[in-house]
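The next block holds one structure in the form of structure tokens; read it before the comments.
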């Protein structure tokens with residue numbers, strides 16, 4: 001049987017290592033490898049250039065090449081330092097470094113490398129591109145066809161524990177339910193279903209029966225009705 005693979009996007013910040021630590025906990029419990037993915041986002045200026053601009057661009061290109069060489073050296077050192085800090089862990093850490101658009105490179109990695117789940121931080125990036133495309137965690141959730149666990153800080157995930165999900169019985173997404181089931185299966189978690197009652201639900205006598213049916217249809221064993 002092939003080992004499972006957990007993808008951990010990382011930018012070497014303290015908060016991104018929270019995602020790595022959580023992933024290590026999970027990997028130790030389910031005997032998985034960890035793929036560390038660092039994406040260096042390249043930004044280029046847009047617009048038309050005059051002849052004078054072209055000469056300036058040639059100089060800038062040379063400076064850019066030098067910058068990229070130094071950036072690659074720095075990135076390699078950061079990867080080596082990270083691997084050294086976690087070398088005592090029993091799980092295997094496999095580094096990947098890509099250059100380009102974050103969402104595009106993440107999507108390529110997911111397509112080219114077997115991945116069972118993604119674990120990452122929710123750093124809440126705030127720049128103009130993320131105003132339109134969402135932060136890195138939201139991009140991963142949008143494009144990944146595997147479970148994505150986004151954490152604000154390191155939090156131990158214990159196998160065979162309980163996982164609470166909040167649902168709307170009216171418009172839940174079957175694909176997302178499938179991802180929840182996959183994550184629960186990987187971690188051997190009991191799934192508790194939470195439904196927040198609205199005023200119109202108070203007069204609905206069969207609400208609990210609907211929750212039970214939802215649990216039965218999706219092989220969830222525990223049901224909770226939450227006010």
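Observations
- Listed by position, the strands (runs of 3 or more DSSP E) contained in segment 118-227 that have at least 3 residues being at pLDDT below 80 are 162-166, 190-194.
- Residue satisfying all of: in segment 1-18; under 21 Å from residue 76 (Cβ atoms) and surrounded by 13 or more Cβ atoms within 10 Å (Cβ to Cβ); modelled with the lowest pLDDT among these: 16
The values are calculated or read from the model by the stated rules, or taken from the named source; none is laboratory data. Computed from a prediction, not measured in an experiment: that's the story for all the values here. Every residue, glycine as well, gets a Cβ built from its backbone with ideal geometry; the counts of neighbours run over all protein chains shown.
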